[in-house]
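What follows is a short report on a single structure.
The values are calculated or read from the model by the stated rules, or taken from the named source; none is laboratory data. Here the structure is a predicted model, which means the values were calculated and not measured. In this analysis, Cβ positions are derived from the backbone assuming ideal geometry, glycine residues included, and neighbour counts consider all displayed protein chains.
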Amino acid sequence: MLQSLWKNKGTLLLAFTLAFTVWIYATNQADPLLEDEFSSQIPIQYINLADGLILSGNPPSDCTVILKAPQSVWENLNQNDFSIIVDLSGYDTGTYQINLANPQVDIKPALVTELNPAQIDLEIETLLEKTFPIEIQLIGEPAIGYEAEEPTSDPENATIAGPASLISSVSSIQAALDITGERQDVEQTVRLLPLDENGTILDEIIVDPTNTTVSAPIQQGERYRLVAVIPIITGQPAFGFRITKIDVAPEQVIIFSSDPAVFENIPGYVETVPIDIEDAQEAVEIRASLDLPEKTALVGDQNILVQVSIEAIENSMTLTRPIEIQGLADGLYAAASPSSVTVFLTGPLTTLEQLTPDDIRVVIDLFDMDIGTQQVTPQIIVPPTDVEGSILPAVIEVTISTEPPATQEPTTP
């Protein structure tokens, strides 16, 4: 048998090759092998760098991976399935070119065919630390009439760490605080920035702590005074009207005096010149001047706008009115129960005083209503005024028939 197999070894090898080829073809048809660039960048991990050393020059943090894998593997791959590790054990200060090793791929089978970059340049320097006092930069100016006193920070110092070549370039650690338009003390937590002599931020430098709390006292200048504005209103609105609100903008102004002692004898407010609202029936809006104390002046262009809101005085009236029926078809009669209602009216006092009971009508419209008992909502008819009204009861029972009501005179259709 062995001799027979040996004699036919060529035939057997050909059969095996054909079978393997058919299997490979069938497998590739069902789950084709694809080579492509992975959609996400793969992070590069730098490990085992000796204490006292640091990478400088912003080494690449990720790379592009091209790999070959069956379609089924591609469908399940994600960024976490790759790991690219650069082991820096034994490296000292200096400049190096390092070839990236093929990344480990957790899902098999998959073959990495290309990395970009495949080689990286690394610069390793001595890690230095240095302590700097924190310098505070105030941005902008406080409100007019206010001054910023010496700011402080907590903590007062910060430690920086980084490559020796960069540490020597750091000239200051600064914290910027914006005090534009402020009228009271400012306290904020701000980021600490390592700067070179040109004011450029050195991002590679590590600052500890990263933030500081900066406080800037804001005080009123000796020659300035913040005072309230009080509008002086004279006269009375027209009869039946009243003042509902008085607004002034701005509510406070800053006054100046070349003699700070002046402020010792003036109150904490200034008044406007008198504003006359005699017989006014609507809102009054006016730009008013201020009656300033002697030896003082208004700081800046601060116009005073005074708005006096005036409304009609509201009153109420209650009366009883009969129900009028309208729209009843010919030959029909209607009886309302009750036949009269209580009417409540609210509106301006001057308007209500001019109304008479005959001016108020309560009407029920029975247009297109058939014989029987109906529930109808009456309507109040008032002369064209700004009066509002309500009725009690709000719904009336109406009986429609062909005979006049026994206890009520027929109502004219």
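Listing for the model above:
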quantity	calculated
Residues of the range 321-370 classified as surrounded by fewer than 17 Cβ atoms within 10 Å (Cβ to Cβ), touching a residue at least 60 places away in the same chain (Cβ under 8 Å) and part of a loop (DSSP other than H, G, I, E, B), total	5
Failed condition for V170, given (1) outside the structural domain of I255 (by TED's automatic domain parsing); (2) surrounded by fewer than 16 Cβ atoms within 10 Å (Cβ to Cβ)	(2)
Top-ranked residue of the range 203-225 - restricted to ones that are surrounded by fewer than 18 Cβ atoms within 10 Å (Cβ to Cβ) and of a type in the set (A, V, I, L, M, F, W, C), ranked as farthest from I134 (Cα to Cα)	I218
Among residues of the range 184-202, those that are surrounded by fewer than 17 Cβ atoms within 10 Å (Cβ to Cβ) and not acidic (D, E), counted	8
Cβ pairs under 8 Å, 6+ apart, first in the range 235-254 and in contact (Cβ under 8 Å) with a residue 12 or more places away in the chain and in the same structural domain as T272 (by TED's automatic domain parsing), second basic (K, R) and surrounded by 14 or more Cβ atoms within 10 Å (Cβ to Cβ)	I254/R225
Tabulated pairs, the range 209-228, first modelled with pLDDT of 85 or more, second part of a strand (DSSP E or B) and of a type in the set (K, R), C-beta under 9 angstrom, 6+ apart or interchain	T210/R191; N211/R191; T212/R191
Exclusive hit being within 30 Å of I233 (Cα to Cα) and under 54 Å from the mean Cα position of the chain (by Cα), set T318, T342, T346	T346
Residue tally, condition assigned to a strand (DSSP E or B), aliphatic (A, V, I, L, M) and farther than 30 Å from E311 by Cα, over the range 371-390	1
Residue satisfying condition, being at pLDDT 90 or above, over 30 Å from G389 (Cα atoms) and of a type outside the set (S, T, Y), within set I266, I275	I275
Evaluation of P393 against (1) out of contact with any helix residue (DSSP H, G or I) (no Cβ under 9 Å at 6 or more places or on another chain); (2) under 30 Å from P237 (Cα atoms) (one fails), failing number	(2)
Residues located in the range 196-222, provided they are assigned to a strand (DSSP E or B) and of a type in the set (S, T, N, Q)	N211, T212, T213, S215, Q219, Q220
Filter pass, E187 being of a type in the set (D, E, K, R) and under 30 Å from L298 (Cβ atoms)	no
Considering residues of the range 94-115 that are under 30 Å from G52 (Cα atoms) and of a type in the set (S, T, N, Q) only, the residue surrounded by the fewest Cβ atoms within 10 Å (Cβ to Cβ)	Q97
Failed item, numbered, when P260 is tested on (1) of a type outside the set (G, A, S); (2) closer than 26 Å to E182 by Cα; (3) at pLDDT below 90; (4) touching a strand residue (DSSP E or B) at 6+ places or on another chain (Cβ under 8 Å)	(4)
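The rows are residues; the columns are (1) small (G, A, S); (2) at pLDDT below 90.
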| position | (1), (2) |
| --- | --- |
| A280 | yes, no |
| A283 | yes, no |
| R287 | no, no |
| V299 | no, yes |
| L305 | no, no |
| A312 | yes, yes |
| E324 | no, no |
| G331 | yes, yes |
| L352 | no, yes |
